[in-house]
Amino acid sequence: MATLLLQQAINALTVGAIYALIALGYTMVYGVLRLINFAHSEMFTAGAFVAVFAASLLGGVAGHPGVALAAGFATFLAIGFLGVAVETVAYRPLRGTSRLAPMLSALGMAVVIQNVVMLVGGRRPLIYPSFLPRGVFQIAGAVVTYKQITILAVALVLMVGLELLVSRTSLGVKIRAVAESAETASLVGINPNLPIALIFFVGPGLGAVAGILYASYYGVATFSMGFIIGMKAFTAAILGGIGSIPGAVLGGLLLGFIETFATAWMPALTHGLIGTEYRDIFAFSVLVIILLFRPAGLLGEHVSEETMVYKRDF
Amino acid sequence: MIPMALMPIAVIVFGQFLPAYPLRILDLVLLYAMLGLGLNIVVGYAGLLDLGYVAFYAIGAYTYALLASPQFDLHLPFLLVLLIGAGLAALAGVLLGIPVLRLRGDYLAIVTLGFGEIIRVLMNNLDGLTNGPQGIARIDEAVIFGWHLSTPLDYLYLLVVLVVLTFLFVWRLQESSLGIALAAVREDQDAARGCGIDTTGVKLVAFATSATIGGIGGVVFASMQQFVSPESFTFWESLSIVLVVVVGGLGNPFGVILGAALLVVMPELLRAYADYRQLLYGIALVLIILARPMGLIRREYGPSWLVRRMTRA
């Protein structure tokens, strides 16, 4: 029993770490622009595909940790720049119009990116070469793969890096200032475009790495895989309190645990009445319940009403 | 008033000359126009983002599918099911609205999104009731007072009537004291409350009204397609209806109808490009929004504006 619980905890942690990495991109963009960035899920997909391409340029990923690392880094940069490009083309001109316009423009970009991935990468599922080391070991009877350990390590490094960037550097101060109030920040001489561009570089970059980890973990990538994962990661961001970086991490991990444990235990607890097919409902039900009691999410600050409603018409 | 009265007649006359396939697309335009007009009450008038509107549409569609098909061998009359479907959708709107309308802004959007997904997953998995992913086929065609609707042209007549009724309804709603209260809530909720408006109450009414229209749309959809499956009620469908409203013109019934026409016809025109179709659709979408971020027709140029202009001239 304890072994089983430990095993599930490890699995949950792995999935949760991936959700958390994606959720960070949603939460940072939302924190600064109050924008639900629907294109973010496609950065995840594009990352998985670009990484395979980069690795094949470097001579294949099999057995070379150096190649995997280099391809991963190149993907981070490539998708980061893609994120900045999307922001410049599709969101920046809409800043200061209605709040719905950039959201739907993001939706359009999601369709565009997904279809480019489909046209270049193919409709059929791609058997994914693992970027992660193979092999297993045991802790107290639970099987842990090196894949899982690497995923957790990569996620941890990236999250700590992000936290240091935001809390310790001058760029981070600017990001926080713009998130607090873009107008006030511009009064003290901060050009909001730079921190916003940085967010649109780092967020998609993290999403792309999450894409590589996810596809390597499950061994397959499809052009349409971003949609559901993106929706769950967004749920995670809301769960933790959107706009909050620790909240996104907490929300991601929590979602991983809810899904894994609910899927494993619900059928037994309800005598098969509620089966694993309801997995997606658990996440949303928990979300609804948490929001009813903590309307700003677990770690969310109270977001000003002014910035949240869809009322500006000019 | 005259140009507005001429529009539906023009659509019906136009429909006489169309072959079956384009006629079906025209039907779809009208159906989406109706759904858009319904969603517009929540998004355009009340300023709340509902990302799960498809749930109400699905409730309407499955109500008809279950009550008028061989699934349980029930064959209730169309108009009766229309009332039941509308009622159930309204009930769902109220039940969802009571807890969630206290949430503000985007949290509401996410909870409605979650609700939409929950409804879809339920339809997918309650095999005994909904026949799961295979959906329900051989649904009865609609019969209204002895008039048997079978061709796309018949449905065109029905949909034109429904869109006209919905249009008149939402227009009068917008001009009513409820509409003014909704506008106040949209512009400044705290000030609205200060004026003595029961903000949660009016939002709830808006939510339920919008859900009712969605439910009616669903019943018509099920009778028109004679087949429903969870595939038709994905999150993407909710987003499409939001797109109709926002691309067309937030809070403007004319804009919504134009948006429906554009967003239904555009993918059909792009059909020739096969694999590139969706890509082109996405690019076109972004370009339209960049060009007209406030929608094709702005809020102030609505039906009341047209009437004022016409009577002045």
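The values are calculated or read from the model by the stated rules, or taken from the named source; none is laboratory data. These figures come from a predicted structure and were not determined experimentally. Reconstructed Cβ throughout: ideal geometry from the backbone, glycine too, with neighbour counts over all protein chains shown.
Residues that are over 17 Å from A:Ala210 (Cβ atoms) and among the β-branched types (Val, Ile, Thr) within region A:1-57 comprise A:Thr3, A:Ile10, A:Val32, A:Ile36, listed in sequence order. Can you find a residue in region B:165-184 that is under 13 Å from the mean Cα position of the chain (by Cα) and more than 18 Å from B:Phe56 (Cβ to Cβ)? Taking every residue of region B:165-184 in turn, at least one turns out to be under 13 Å from the mean Cα position of the chain (by Cα) and more than 18 Å from B:Phe56 (Cβ to Cβ). Applying the set (1) crowded, with 21+ Cβ neighbours inside 10 Å; (2) under 16 Å from the mean Cα position of the chain (by Cα); (3) closer than 28 Å to B:Phe115 by Cβ to A:Thr260 leaves exactly one unmet item: (2).
Remark: A:Val143 falls outside the filter, which requires a residue to be among the aliphatic types (A, V, I, L, M), over 30 Å from B:Leu243 (Cα atoms) and modelled with pLDDT of 90 or more. When B:Ile297 is tested against (1) β-branched (Val, Ile, Thr); (2) touching a residue at least 12 places away in the same chain (Cβ under 8 Å); (3) under 16 Å from A:Ser105 (Cβ atoms), only condition (3) is not met.
Does region A:226-235 hold any residues that are away from every other protein chain (no Cβ under 11 Å) and buried (at least 24 other Cβ atoms within 10 Å of the Cβ), and which are they?
Within region A:226-235, the first condition is being away from every other protein chain (no Cβ under 11 Å), and the residues that meet it are A:226, A:229, A:233.
Within region A:226-235, A:Gly226, A:Ala233 meet the criteria.
Counting residues that are in contact with an Asp or Glu (Cβ under 8 Å, 6 or more places away or on another chain), which helices (runs of 4 or more DSSP H) fully inside region A:1-115 reach at least 2?
A:2-33
Close contacts from region A:184-210, counting a first residue that is modelled with pLDDT under 90 and among the hydroxyl-bearing types (Ser, Thr, Tyr) and a second that is crowded, with 21+ Cβ neighbours inside 10 Å and part of a helix (DSSP H, G or I), with Cβ to Cβ under 9 Å and a gap of 6+ residues or different chains, come to A:Ser186/A:Val178. Scanning region B:174-216 for residues that are in a helix (DSSP H, G or I), loosely packed, with under 14 Cβ neighbours inside 10 Å and either in contact with a Lys or Arg (Cβ under 9 Å, 6 or more places away or on another chain) or of a type in the set (S, T, N, Q) (or both) yields a count of 1.
For A:Glu183, the test of being surrounded by 14 or more Cβ atoms within 10 Å (Cβ to Cβ) and of a type in the set (Asp, Glu) is failed.
Inside region B:271-299, residues that are more than 9 Å from chain A (Cβ to nearest Cβ) and at pLDDT below 85 make up a count of 4. Restricting region A:124-139 to residues that are surrounded by 11 or more Cβ atoms within 10 Å (Cβ to Cβ) and under 23 Å from the mean Cα position of the chain (by Cα), the residue that is farthest from B:Tyr276 (Cα to Cα) is A:Pro133.
Within region B:59-140, which helices (runs of 4 or more DSSP H) (wholly inside it) include 2 or more residues that are at the interface with chain A (Cβ under 9 Å from one of its Cβ atoms), farther than 25 Å from B:Met34 by Cβ and hydrophobic (A, V, I, L, M, F, W, C)?
On the way: elements: B:78-100, B:105-125, B:127-130.
Helices (runs of 4 or more DSSP H) meeting the threshold: B:105-125.
The residues of region A:39-56 include none that are closer than 20 Å to A:Leu104 by Cβ and surrounded by fewer than 24 Cβ atoms within 10 Å (Cβ to Cβ).
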